Each structure stands twice: as structure tokens, then as C-alpha cells.
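Below is one structure, written out as C-alpha cells, with a few remarks after it.
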Amino acid sequence: MKRLTIYFVIISGLCNAQVSTPNFNYSQNLLSNGDAEIDALNRKIISWNSLPKSTSNDYLQNSYGETLGEWEANCDEKCGLPPNAGTNYFRLPTDDSYKNFSLYQTVDLSGFKDSLEACIINFDLTAYIAGINCSESGCAHGTLSVIFKDINGKQTGTYEMTKDNNEFKDIGSNYAMHKFEGISISNLVPEKTNSAEIWLKAAGGCCDLASIFFDNVSFVLSKGEKRK
Ligand SMILES: [Ca+2]
């Protein structure tokens with residue numbers, strides 16, 4: 001009975017304003033190809049842009065086990081892979097050629113403009129990230145971020161989380177590779193927001209092994225309280 005009461009309170013507190021939100025879904029991943037599974041063989045990085053612009057030979061989207069020293073094929077979390085890793089992952093090179101390298105994707109949020117005016121909207125940006133444990137300066141670190149923008153392209157808010165070199169974990173003596181770890185950012189979507197840019201960033205680049213890896217990137221919105 002107690003659980004039912006709490007449930008009722010939560011439901012009744014949500015914003016139920018009548019708003020027009022065509023083609024807009026709450027509680028679903030709004031990113032396309034967040035799991036790196038689309039068309040990895042052709043290395044087109046579907047739905048993601050790179051900065052700087054990459055060539056098709058950069059192996060930005062790679063299959064587990066394909067590159068020597070980067071996990072094993074047909075493995076799972078005991079080899080350091082994220083849960084439900086699928087076949088492929090994102091691979092951001094930071095080396096002598098690239099001191100900074102990013103993949104980014106824009107999510108059009110104009111469809112929930114009326115909702116955002118009426119209600120508080122929460123976001124959850126999550127990803128799995130891996131890199132090489134390194135205590136030297138210049139080793140690569142990774143950042144997950146979101147930049148919200150209004151209809152004129154002006155920033156309405158930015159949130160990010162960085163994983164430093166020395167925070168990455170090795171799997172253990174039986175495996176040479178690193179362990180994917182989940183990271184997440186949760187907060188409120190700023191008012192006047194019209195779009196969101198999701199960025200996967202790598203920075204550093206002391207050597208050829210200084211790559212940053214991502215998989216299972218997700219950006220989900222949920223409706224909160226009615227604005228006062
Ligand atoms: Ca995947």
C-alpha cells in the first residue's frame with residue numbers, strides 16, 4: 001500500500017500540460033547510431049561528424065577484435081566490454097597527428113518547444129568510455145558533453161564530464177586491454193533550448209596508443225514538474 005501511495009504522488013506531480021510534440025519521444029535514445037552499430041564496415045560513421053574532418057582510413061568506428069590490442073572478438077564484460085556492446089565501438093585517435101579529436105551529433109529538439117515552456121524537462125546523457133591508464137602528462141583523456149542551443153544557435157547551457165588518463169582501468173593480467181566504464185550527466189534542459197549537440201571528445205596525444213573509446217552513447221529526456 002505504501003508503494004502505491006508513493007507511485008501515485010510521483011505520477012500526479014508530473015507535468016501533464018496539453019502540448020504539441022509531434023514526432024517527439026520521451027524515454028527513448030534521441031541519438032542515432034549511439035551504439036556505433038550502423039554501417040561500421042564502410043566506416044562512414046553514420047549520423048556523427050568529426051572534428052577535425054577525418055578520412056575514411058581513420059578507423060573511427062571499429063569492430064571489437066579487429067585491431068590488434070583493442071579487446072577480443074566475441075567477448076563480453078569480462079574482457080572489458082560494456083554491457084550489450086554489440087559488434088562495434090567508436091575509436092577516437094589522439095596521437096602525433098591529432099592532439100584533439102571529437103565526434104559530434106546535433107539533436108533537433110524543436111518538436112518539444114511547447115513542452116519545454118510549460119514543463120521542466122530533464123536529460124540523461126550516458127556513455128561507456130575507455131582509454132589507456134597513463135600518469136604521464138600529455139596522455140589522452142576523454143570528455144562527454146552536451147551543448148544546448150536556442151533557435152538562433154546561441155548557447156543556452158553546457159554540461160560535460162571528463163575522464164582523466166589515470167582514471168582508466170586495465171582489465172587484469174589476463175587481458176592487455178582496458179575496461180569500459182559507464183559515465184553519465186543528468187540535469188535540466190535549459191529554457192529556450194531548440195537543439196542539443198552531443199560531443200565525444202579526446203584530447204592529449206603523447207603516443208600512438210593514446211586513443212579514447214566510446215560505446216552505447218544515449219541521450220534521453222524525461223518530463224518533470226510543471227513550471228510555476
Ligand atoms: Ca556497440
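Out of 157, 142, which single residue is free of Cβ contacts under 8 Å to residues at least 40 places away in the same chain and either over 30 Å from residue 97 (Cβ atoms) or out of contact with any Pro (no Cβ under 6 Å at 6 or more places or on another chain) (or both)?
157
Can you say whether residue 121 is more than 11 Å from residue 200 (Cα to Cα), in a strand (DSSP E or B) and of a type in the set (A, V, I, L, M), as far as the supplied structure shows?
yes
Based on what the data block shows, is residue 152 away from the ligand (no atom under 16 Å from the Cβ), at pLDDT 85 or above, outside any strand (DSSP E or B) and closer than 26 Å to residue 80 by Cα?
No, not satisfied.
Please verify whether residue 193 is in contact with a helix residue (DSSP H, G or I) (Cβ under 8 Å, 6 or more places away or on another chain) and at pLDDT 95 or above, treating the condition exactly as stated.
Here the answer is yes, as residue 193 does meet what is asked.
Is one or more of the residues making up the range 68-84 at pLDDT below 85 and either among the hydroxyl-bearing types (Ser, Thr, Tyr) or within 30 Å of residue 118 (Cβ to Cβ) (or both)?
No, the range 68-84 has no match at all.
Take the residues in the range 80-127 that are closer than 17 Å to residue 148 by Cα and aliphatic (A, V, I, L, M); name whichever of them is nearest to the ligand (Cβ to nearest atom).
103
The values are calculated or read from the model by the stated rules, or taken from the named source; none is laboratory data. What you see is a predicted model, and the numbers here were worked out from it, not measured in a lab. Note that we place each Cβ from the backbone using ideal geometry, even for glycine, and neighbour counts take in every protein chain shown.
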